[in-house]
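A.B. asks: One structure, pasted below without further comment.
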Amino acid sequence: MLQRFTVLIVIVIALCCPAYAYADDGYAGAVAETPVPRNSHDIAMQAEVVSIILHPGYAEVECAYRFKNEGKAQAVQMGFPDIYDRKGNPGITQFRAYVDDIEFPVRTVTLKLGPGQLNYNDFSTTSRWFIQDVPFKEGQVRIIVNRYLAPYGGTASLEESFMTWFGYTMHTGATWKGKIGRADVNVTFASGLTWDDFTPGRKACKSVNYTVPKSTIEPSGYTKQEDGFSWTFFNLEPKINKDDISFNFFRDTTNGGLKGLKVAATSELHIGSRFYPASQAFDGNVTTAWVEGARGTGIGQTLTAEFKQPTQIGEIRILPGYVKTRALYKQNSRPKQITATFSNGTIKQIDLIDQPRVQYIKLSKPIEASWVKFTINSVYRGTTDADSCISEIEFGLGHTNTGQTAPKLLAGIATANTREATTLRPTAVRAQDATPLQPATVCAQDVLLAVAVLIMLLFAVGTWQNFYGNKDDDQKPSDENEDTNEKSTANSE
């Protein structure tokens, strides 16, 4: 009876699991982490500010931390983990670390994860660690800033939408000494994106006969704004699955996410089977790029984006170079100055700094245009390849809120130990802001689930009666079954 009861529980659990959660084409990127100490128990994290800007296909992340050494002078290995997906692709790119406003050297270490290590999911088996060796004097306070780009993770294609997610793991912050005095997490939509872009509504997935809910935000207690959402935690000792940040949503993948843009370039690079078309500068993917194919460094080459209808443009965002890896960024040329020509005749010169980060060009007033043409005027020369590259170009109606950077916000936070706040989540989402979940469509899967639960209850009653009605007869077989299960579990591990 116990064996049959165990099998039934497994069946019920299988029925309860969403059919789309573990598709073969799943991508396990887009998880960011609070750094962990690898060789010290004397360092306390007094405060933490995480600023995340959500773009059409990736997140731009800046984290600022205030650490204090409560022990003797020492050099601390600070580890920032990044998880490879099942295809061997890293989850983040262009990781940079700064200590007290000075860029700090970072080395990478790759580790193979075992079962249950760091609580990562089954899609992720390899971890790349960004390691910083940060010296601390006795009692010293240091400000650490990390910046990077993270493609969104996804699990399954649902009709014309793609289930997408982004997360920031807080629980690794518990490895520092004591509690985190204060932690602020601010998520902002890039200009041109609204809540509607992340919550397109419920869709029925015919292949699995399942009604997909709207986007979800965890944990609760966030404050919702017009252009994003945020949390503030006090005296936090973060726990896994309780305090970790996650945002699950659905995005349109029609036409590669270009949403009606028609793009063209005067040249595109072909190398054997590899192709770097103009569309890759507008696909929302930071691991791809447009690479011009003319001789030389590409000065004079143009890239044009034509809109489906006249569009108001208040901001242009450019991610110059080939930012898939640090090596590719340095090896290839990247634009230094670009001329943007609008269909109404407006011309704007754009000067770009030589850094693999999103650069915001905010127009003094919106321009209505049917198309925009970008011309390369000058470049930063690559170390090995002359071809110029642009990873992403985006357009916004207004101006993205970029003024409150993580370091500025951290500087404005008083040391949390002087505060009397004790509530971990002082604010709660208002009822009118909560994402409604409509009743799901009743389907065959729901009926099967209800029947399975009923059968499980009936077997549970039978097991109870057999156990207490024939205790002496059943005791030995039960012990043998448990021994067998323990051996099976040990073999599986």
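The values are calculated or read from the model by the stated rules, or taken from the named source; none is laboratory data. All figures in this text were calculated on a predicted structure; none of them were measured in a lab. Counting neighbours? That spans all protein chains shown, and the Cβs are built from the backbone with ideal geometry, glycine included.
A.B. asks: Take the residues of the range 175-188 that are more than 17 Å from the chain's Cα centre (by Cα), hydrophobic (A, V, I, L, M, F, W, C) and assigned to a strand (DSSP E or B): which is farthest from I361 (Cα to Cα)?
C.D. replies: This residue is I180.
A.B. asks: Also: Any idea which of S364, S388, S378 is among the hydroxyl-bearing types (S, T, Y) and in contact with a Gly (Cβ under 6 Å, 6 or more places away or on another chain)?
C.D. replies: Unique residue meeting the criteria: S388.
A.B. asks: Would you pick out the residues in the range 258-278 that are of a type in the set (S, T, Y) and in contact with a Phe, Trp or Tyr (Cβ under 8 Å, 6 or more places away or on another chain)?
C.D. replies: Y276
A.B. asks: What do you reckon, is K308 surrounded by fewer than 19 Cβ atoms within 10 Å (Cβ to Cβ) and not aliphatic (A, V, I, L, M)?
C.D. replies: Considered against the rule, which asks whether it is surrounded by fewer than 19 Cβ atoms within 10 Å (Cβ to Cβ) and not aliphatic (A, V, I, L, M), K308 comes out as yes.
A.B. asks: Within the range 228-287, restricting attention to residues that are surrounded by fewer than 20 Cβ atoms within 10 Å (Cβ to Cβ) and among the acidic types (D, E), which residue is modelled with the lowest pLDDT?
C.D. replies: D252
A.B. asks: Looking at the range 175-205, which of its residues are of a type in the set (G, A, S) and modelled with pLDDT under 80?
C.D. replies: Selection gives G201, A204.
A.B. asks: Shifting gears a bit: Taking the conditions exactly as written (closer than 18 Å to V61 by Cβ, at pLDDT below 90, assigned to a strand (DSSP E or B) and of a type in the set (G, A, S)), does A156 satisfy them or not?
C.D. replies: no
A.B. asks: Of everything in the range 159-174 that's under 20 Å from W231 (Cβ atoms) and assigned to a strand (DSSP E or B), which residue is modelled with the highest pLDDT?
C.D. replies: Residue satisfying both the conditions and the ranking: Y168.
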